[in-house]
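What follows is a set of notes on a single structure, which appears directly below.
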Amino acid sequence: MSGWCGPIGPRHKQSFKVWSRLSADGSLFRRLKPARTKRGDRSNAALKAPHYPCEPAHINYGNIPTIGTKALRDFTHGASSGFWVPSGKMSFRYTRFLLCATLTAFVASASQAQTTSPALKDNIPATKPSATSSAQTPEAQSKEAGHRKFVLDVVQSAVALPQPDPQDRLRVLSAAASLVSPIDNDMAKRFAKEGARIETELVSSGEKPAVSMIAAGQVDCAGALAFVQTIPPASVLDAEQSLVGAVTNCPETREPAARKVEAGMEQGVVAARAVLALMDENGMQSQWSQQMFVKLFGSLPADAVEYVNEAPNYAAMFVRAAPEMDKDAVKTAGLKFLLWMGKLPDSNQRKVAVNMTTDAMNAILGKEVYDELLRSDVMAQQVAASGDKDAVLAPPQEENVSVLQAMQKTDDQTSELEALPPSMRAREAAASGFASGTAGNRKMADHYFDIAFSSLDEVWSSRAKIKTSAPEVVQEVSEAAAQVNATDALQRTQRLQDPSAEAIGMLAVARVVEGSE
């Protein structure tokens, strides 16, 4: 876990996508932006949403000024071509050709009108025209319509591709719904309906969904309620991210969700984040929340050793809720939690969790009551003494790519790239391609992107054997290429060998175009 993110809140112009900022040494810091939900839907959700641990995000090249960004701002896509992709490879290839040909024409037109980007001089974004004045001109309206048409065409093409793996299909549907919802809400609803069905089937079969359209606020409350009512109690942990989104956004799901998580606890399955979300929505000081607080920390997994990495997260939940609990509840839950941590092996995760828990108990109960409580249980007293104030959690092991370092390297990096494993080679080559492209060296950028996209096929074919997320690598590389040249990037994604990778790459390109102004 690398941070804290809340369930889905209101929909604004931005989509649910990550952003990165560059530090002085070029290292990447990652966060999550608010997620997309239906325009105007559940407007207060983000303001009151609790925050729960979230997964690491991927590199987003869209925050770095580029030549391609300005070019993409200024092209239009022309009149509607009636683009639609039925099933059938021949028809799809034909429509793909039309899409690329259209985009090529418009980028070429834009390039004649714009030869240099002032943003490149000092690596500072060019001044954007005022939204008010742009919206009043027919030209601006035509550009906006062109962007929407392009995104719609790409989304339909990507969704029409087959994704045999239901996890990949869910990824594609989620990304497609996010992109198309401002353009065609009915289409987004169709994608969400299919996605909710797949999500339910995955959870019911004992699989955790790779992404959750319910957590992302893309599924309506009727669909979220059906999900909560359908899943078995033994699967609440796999459904946790979906349940958090459902109970946060849809009040009608809270009562059945509460019954499901309580039934799960009875079977030894604890969805702690979902419980905390329900406590937040019911009010921390309600009788139900007080009871669930004690029950939660008395029902943590019996095989504690396998959950050692979760100990700091459980401790964070204790710290979050304990100040609003009765002192008797804090004493009971705190003792149960300390005894559970006593089953963990000696590690920084345990030490940090013990530190967090004992500090909170001491502050809430007062030193005298806290010390008396520990004296009442020798085992708990020993666990409390095992904390180490100097203990820290190691950062998660991730493949990190520095775009600034790639920009500073002017010599050919081909030999160095060939020595890297496929996923790292793809990311490093994409960073070098991005750096070369933004510097105006399109020939070298094409060379690096050839390496990057060739590596993507290797990454995808070996995805079952590697820890790196293959879909994330495809998305990052495709976004980097699209920032330099969207036409070329789209064509490259369409040449990927696996149709699921192809669809994910195409949607990443569309996301870059949608984000351009």
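The values are calculated or read from the model by the stated rules, or taken from the named source; none is laboratory data. Please read all numbers here as calculations on a predicted model, not as lab measurements. When we count neighbours, we look across all protein chains shown, and the Cβ atoms used for this are built from the backbone with ideal geometry, even at glycine.
For region 459-517, which residues satisfy the criterion of being of a type in the set (S, T, N, Q) and closer than 21 Å to residue 447 by Cα?
Here is the first cut: in region 459-517, the residues of a type in the set (S, T, N, Q) are 461-462, 468-469, 475, 478, 483, 485, 487, 491, 493-494, 497, 500, 516.
Selection gives 475, 478, 483, 485, 487, 491, 493, 494, 497.
All conditions but one from (1) assigned to a helix (DSSP H, G or I); (2) at positive phi; (3) not β-branched (Val, Ile, Thr) apply to residue 314; the one that does not is (2).
Please state which one of 380, 322, 329, 360 is in a helix (DSSP H, G or I), under 19 Å from residue 301 (Cβ atoms), of a type in the set (Gly, Ala, Ser) and touching a residue at least 12 places away in the same chain (Cβ under 8 Å).
Values: 322 fails: under 19 Å from residue 301 (Cβ atoms); 329 fails: under 19 Å from residue 301 (Cβ atoms); 360 fails: under 19 Å from residue 301 (Cβ atoms).
Of 380, 322, 329, 360, the one residue that is in a helix (DSSP H, G or I), under 19 Å from residue 301 (Cβ atoms), of a type in the set (Gly, Ala, Ser) and touching a residue at least 12 places away in the same chain (Cβ under 8 Å) is 380.
Please go through region 324-340 and pick out each residue that is surrounded by fewer than 20 Cβ atoms within 10 Å (Cβ to Cβ), over 31 Å from the mean Cα position of the chain (by Cα) and not aliphatic (A, V, I, L, M). 326, 327, 328, 332, 336 - these are the residues of region 324-340 that are surrounded by fewer than 20 Cβ atoms within 10 Å (Cβ to Cβ), over 31 Å from the mean Cα position of the chain (by Cα) and not aliphatic (A, V, I, L, M). Within region 269-288, the residues that satisfy the criterion of being part of a helix (DSSP H, G or I) and over 29 Å from the mean Cα position of the chain (by Cα) are 287, 288.
Of the residues 211, 172, which is within 19 Å of the chain's Cα centre (by Cα), in contact (Cβ under 8 Å) with a residue 40 or more places away in the chain, within 19 Å of residue 511 (Cα to Cα) and surrounded by fewer than 24 Cβ atoms within 10 Å (Cβ to Cβ)? Unique residue meeting the criteria: 211. Applying the criterion of being in contact (Cβ under 8 Å) with a residue 40 or more places away in the chain and among the small types (Gly, Ala, Ser) to the residues of region 470-488, the residue that is farthest from residue 436 (Cα to Cα) is 470.
Just checking, does region 252-268 include any residue being part of a helix (DSSP H, G or I), under 27 Å from residue 396 (Cα atoms) and not aromatic (Phe, Trp, Tyr)?
Step one: filter region 252-268 for residues part of a helix (DSSP H, G or I), giving 252-266.
Right, trim to under 27 Å from residue 396 (Cα atoms) and you get none.
Among the residues of region 252-268, not one is part of a helix (DSSP H, G or I), under 27 Å from residue 396 (Cα atoms) and not aromatic (Phe, Trp, Tyr), which makes the answer no.
The numbered conditions (1) buried (at least 19 other Cβ atoms within 10 Å of the Cβ); (2) farther than 21 Å from residue 237 by Cα; (3) of a type in the set (Gly, Ala, Ser); (4) out of contact with any Leu (no Cβ under 8 Å at 6 or more places or on another chain) are all true for residue 366 except (1).
Matching residues to (1) assigned by TED's automatic domain parsing to the domain that holds residue 346; (2) in contact (Cβ under 8 Å) with a residue 60 or more places away in the chain:
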{"site": "384", "(1), (2)": "yes, no"}
{"site": "390", "(1), (2)": "yes, no"}
{"site": "417", "(1), (2)": "no, no"}
{"site": "438", "(1), (2)": "no, yes"}
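Quick one: is residue 434 closer than 20 Å to residue 515 by Cα and either assigned by TED's automatic domain parsing to the domain that holds residue 415 or part of a helix (DSSP H, G or I) (or both)? When the stated conditions are applied, residue 434 passes them.
β-branched (Val, Ile, Thr), under 25 Å from the mean Cα position of the chain (by Cα) and over 30 Å from residue 209 (Cβ atoms): is that true of residue 403 in this structure?
On the way: β-branched (Val, Ile, Thr): yes; under 25 Å from the mean Cα position of the chain (by Cα): yes; over 30 Å from residue 209 (Cβ atoms): yes.
Taking the combined requirement at face value, the residue satisfies it.
The residues on offer are 316, 321, and the sole one that is touching a strand residue (DSSP E or B) at 6+ places or on another chain (Cβ under 8 Å) and surrounded by 18 or more Cβ atoms within 10 Å (Cβ to Cβ) is 316.
Is it true that residue 263 is at pLDDT 95 or above, of a type outside the set (Lys, Arg) and farther than 19 Å from residue 311 by Cα? Reasoning before the result, please.
Details: at pLDDT 95 or above: yes; of a type outside the set (Lys, Arg): yes; farther than 19 Å from residue 311 by Cα: yes.
Here the answer is yes, as residue 263 does meet what is asked.
In the set 277, 246, 271, only one residue is farther than 19 Å from residue 387 by Cβ, touching a Gly at 6+ places or on another chain (Cβ under 7 Å) and in contact (Cβ under 8 Å) with a residue 24 or more places away in the chain; that residue is 271. Every test in (1) exposed (fewer than 14 other Cβ atoms within 10 Å of the Cβ); (2) free of Cβ contacts under 8 Å to residues at least 40 places away in the same chain; (3) part of a loop (DSSP other than H, G, I, E, B) is passed by residue 343 save one, and that test is (1).
Checked against (1) in a helix (DSSP H, G or I); (2) touching a residue at least 40 places away in the same chain (Cβ under 8 Å); (3) in the same structural domain as residue 380 (by TED's automatic domain parsing); (4) farther than 21 Å from residue 363 by Cβ, residue 306 meets all criteria but (2).
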